[in-house]
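The structure appears right after this line, and notes come after that.
The values are calculated or read from the model by the stated rules, or taken from the named source; none is laboratory data. Keep in mind it's a predicted model, so treat the numbers as computed, not measured. With ideal geometry, Cβ positions are generated from the backbone for all residues, glycine too; neighbour counts draw on all protein chains shown. Just so you know, the surface numbers come from the protein's heavy atoms only, side chains and all, with ligands and any DNA or RNA stripped out. Shrake-Rupley method; radii C 1.70, N 1.55, O 1.52, S 1.80 Å.
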Amino acid sequence: MGKALDGVRILDFTHVQSGPTCTQLLAWFGADVIKVEKAGSGDVTREQLRDIPDVDSLYFTMLNHNKRSITLDTKSEHGKQVLERLVKHCDVLVENFAPGALDRMGFGWERIQALNPRMIMASVKGFGPGPYEDCKVYENVAQCAGGSASTTGFDDGPPLVTGAQIGDSGTGLHLALGIVAALYQRKTTGRGQRVLAAMQDGVLNLCRVKLRDQQRLARTHAMREYPQYPHGKFGSAVPRAANASGGGQPGTIVKCRGWETDPNAYLYFIAQAPVWKEICQVIGKEEWITDPNFATPDARLPRLKEVFETVEAWTVTKTKFEAMKLLNEHDIPCGPILSMEELANEPSLRLTGTVVEVDHPKRGKYLTVGNPIKLSDSSTEVKRSPLLGEHTDEVLAELGFGPDEVKTLRQKKVI
């Protein structure tokens, strides 16, 4: 059975995380991704955070599966000639260079269009057009500039960044969707186009509920589902809400048995209104079912602290898995706080291909995250990341270079 993106060629000029996330996803869906790297060193993440000396790091391997690697000196005249052929050969160019880098190489949008009018040029940048568009941006900067940090953490503490890579990987996912949309539109227009995913924009998109709350706060001056209500004060901006759900169903994290020694012995519990009767029965507070102070969602909002303290008095007598099992028997929404260790060893994630074991010729076997998107007619096989320049000769042959020409390019250190 074929892959969803069979026949699509991607010219991959990405590095570190945001761009490689995008191109890896496209490769998982069947695109032929040709990763262009600097001879001798390659993508900087090959050597970052190494756990084995002189072996590609997990940082690199987990972001570059299913790709082919070539090395190329794009500053040399011969290198530019190779790049011209690559542009004509491929459907999409993906890059996350600093602003203006491709123009300085002589391969700006106008040149790309002249070489290949069907080429789609996709870029990750820190900011979109505006006063900050030339600023350098990394993961945590994007989280701060996109609204995530200001709304994450406890109200009496500083802003916090999240461990989820919503700036880098999140933006890479947005860019992949833009590329697929541009490929689809090209079927009608026959033309390529530019695709831009700014990290600030991507983070803000993932924080849309907080932009919702900003407008609610401006109108009502208080938000009853936030822990600051009713005794705290609201300012003019959306506050940090600790572990409150931020949605229509109040929720928080409660301790479970063993929390004193296990930093992840916790459960997320949601006091969902339709199952309030069942919640009261499970935690032994049947009187709350009819008590006017607790019987309705509006009555409970000012008393959520008491509600969750009572729930926690019950959950601390159970492990997080015992509590989850009992609560789910009554359709009460909850979820255990799972550590990376627990996720790595979860059998169901192995069966679905969400966590995959890969064999590498130098590293040996390692775990990686597989394709998070499952298609019924396009299964994903996660293949190891390429060694630096592993496919240079192969790709050049596909571009029409003969053995002698390849030998000359190597002698001139173009490849």
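Under 7 Å between Cβ atoms, at least 6 apart or on separate chains: pull out the pairs that start in segment 342-371 with a residue that is assigned to a loop (DSSP other than H, G, I, E, B) and end on any residue that is loosely packed, with under 14 Cβ neighbours inside 10 Å.
354/372; 363/52
So which of 64, 96 ends up being in contact with a Lys or Arg (Cβ under 7 Å, 6 or more places away or on another chain) and under 19 Å from residue 41 (Cα atoms)?
64
Go through segment 193-231 and count every residue that is of a type in the set (Val, Ile, Thr) and crowded, with 17+ Cβ neighbours inside 10 Å.
So the answer is 2.
Could you figure out which of (1) out of contact with any Leu (no Cβ under 9 Å at 6 or more places or on another chain); (2) assigned to a strand (DSSP E or B) isn't true of residue 81?
(2)
Inspect all residues belonging to segment 303-318 and state whether any of them is over 24 Å from residue 258 (Cα atoms), touching a residue at least 12 places away in the same chain (Cβ under 8 Å) and either open to solvent by 60 Å² or more (accessible area, probe 1.4 Å) or of a type in the set (Lys, Arg) (or both).
no
State yes or no: is residue 219 touching a strand residue (DSSP E or B) at 6+ places or on another chain (Cβ under 9 Å) and of a type in the set (D, E, K, R)?
Against the criterion (touching a strand residue (DSSP E or B) at 6+ places or on another chain (Cβ under 9 Å) and of a type in the set (D, E, K, R)), residue 219 does not qualify.
Kindly list, by first and then second residue, each pair from a residue in segment 173-199 that is farther than 25 Å from residue 146 by Cβ to a residue that is modelled with pLDDT of 95 or more and basic (Lys, Arg), limited to pairs with Cβ atoms under 6 Å and residues at least 6 apart or on different chains.
192/118
What do you reckon, is residue 388 closer than 22 Å to residue 37 by Cβ, open to solvent by 20 Å² or more (accessible area, probe 1.4 Å), of a type outside the set (D, E, K, R) and in contact with an Asp or Glu (Cβ under 9 Å, 6 or more places away or on another chain)? Walk me through how you get there before you give the answer.
Numbers: closer than 22 Å to residue 37 by Cβ: yes; open to solvent by 20 Å² or more (accessible area, probe 1.4 Å): yes; of a type outside the set (D, E, K, R): yes; in contact with an Asp or Glu (Cβ under 9 Å, 6 or more places away or on another chain): yes.
Taking the combined requirement at face value, the residue satisfies it.
For every residue, the table says whether it meets (1) within 20 Å of residue 153 (Cβ to Cβ); (2) of a type outside the set (A, V, I, L, M, F, W, C).
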| site | (1), (2) |
| --- | --- |
| 171 | no, yes |
| 179 | no, no |
| 194 | no, yes |
| 203 | yes, no |
| 207 | yes, no |
| 211 | yes, no |
| 215 | no, yes |
| 218 | no, no |
| 241 | yes, no |
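Kindly check whether there is at least one residue in segment 66-75 that is of a type in the set (Val, Ile, Thr), farther than 17 Å from residue 382 by Cβ, out of contact with any helix residue (DSSP H, G or I) (no Cβ under 7 Å at 6 or more places or on another chain) and outside any helix (DSSP H, G or I). Can you show your working first?
We begin by selecting, within segment 66-75, every residue of a type in the set (Val, Ile, Thr); these are 70-71, 74.
Within this subset, residues satisfying the condition of being farther than 17 Å from residue 382 by Cβ are 70-71, 74.
Next, only the ones that are out of contact with any helix residue (DSSP H, G or I) (no Cβ under 7 Å at 6 or more places or on another chain) stay: none.
No, there is no match, as no residue in segment 66-75 is of a type in the set (Val, Ile, Thr), farther than 17 Å from residue 382 by Cβ, out of contact with any helix residue (DSSP H, G or I) (no Cβ under 7 Å at 6 or more places or on another chain) and outside any helix (DSSP H, G or I).
Please go through segment 285-320 and pick out each residue that is among the hydrophobic types (A, V, I, L, M, F, W, C), touching a strand residue (DSSP E or B) at 6+ places or on another chain (Cβ under 6 Å) and over 18 Å from residue 275 (Cα atoms). Lay out the reasoning, then the answer.
Quick first cut of segment 285-320, residues among the hydrophobic types (A, V, I, L, M, F, W, C) only: 288-289, 294-295, 299, 301, 304, 307-308, 311, 313-314, 316.
Imposing the further condition that a residue be touching a strand residue (DSSP E or B) at 6+ places or on another chain (Cβ under 6 Å) reduces the set to 308, 311, 316.
316, the sole residue that qualifies.
Could you check segment 68-98 and list, in sequence order, the residues that are over 20 Å from residue 400 (Cβ atoms), aliphatic (A, V, I, L, M) and crowded, with 21+ Cβ neighbours inside 10 Å?
92, 94
Filter segment 29-38 down to the residues that are touching a helix residue (DSSP H, G or I) at 6+ places or on another chain (Cβ under 9 Å) and either outside any loop (DSSP other than H, G, I, E, B) or aliphatic (A, V, I, L, M) (or both) and list them by number.
31, 33, 34, 35, 36, 37
Residue by residue through segment 253-270, note down the ones that are of a type outside the set (Phe, Trp, Tyr) and either at pLDDT below 95 or within 24 Å of the chain's Cα centre (by Cα) (or both).
Of everything in segment 253-270, those that are of a type outside the set (Phe, Trp, Tyr) and either at pLDDT below 95 or within 24 Å of the chain's Cα centre (by Cα) (or both) turn out to be 253, 264, 267.
What pairs come up if the first residue lies in segment 85-101 and is within 22 Å of residue 132 (Cβ to Cβ), the second is open to solvent by 10 Å² or more (accessible area, probe 1.4 Å) and part of a loop (DSSP other than H, G, I, E, B), and their beta carbons are under 8 Å apart, counting only those six or more places apart or on different chains?
96/15; 96/16; 98/136; 99/133; 99/134; 100/134
Can you pull out the residues in segment 342-369 that are surrounded by 14 or more Cβ atoms within 10 Å (Cβ to Cβ) and under 22 Å from residue 47 (Cα atoms)?
358, 360, 363, 366, 367, 368, 369
Does any residue of segment 113-120 turn out to be out of contact with any helix residue (DSSP H, G or I) (no Cβ under 7 Å at 6 or more places or on another chain) and free of Cβ contacts under 8 Å to residues at least 40 places away in the same chain?
yes
If a residue has to be β-branched (Val, Ile, Thr) and over 21 Å from the mean Cα position of the chain (by Cα) to count, how many in segment 19-57 make the cut?
The number of residues fulfilling the criteria is 4.
Considering only residues that are open to solvent by 20 Å² or more (accessible area, probe 1.4 Å) and β-branched (Val, Ile, Thr), which ones fall in segment 30-49?
Within segment 30-49, just 44 meets the criteria.
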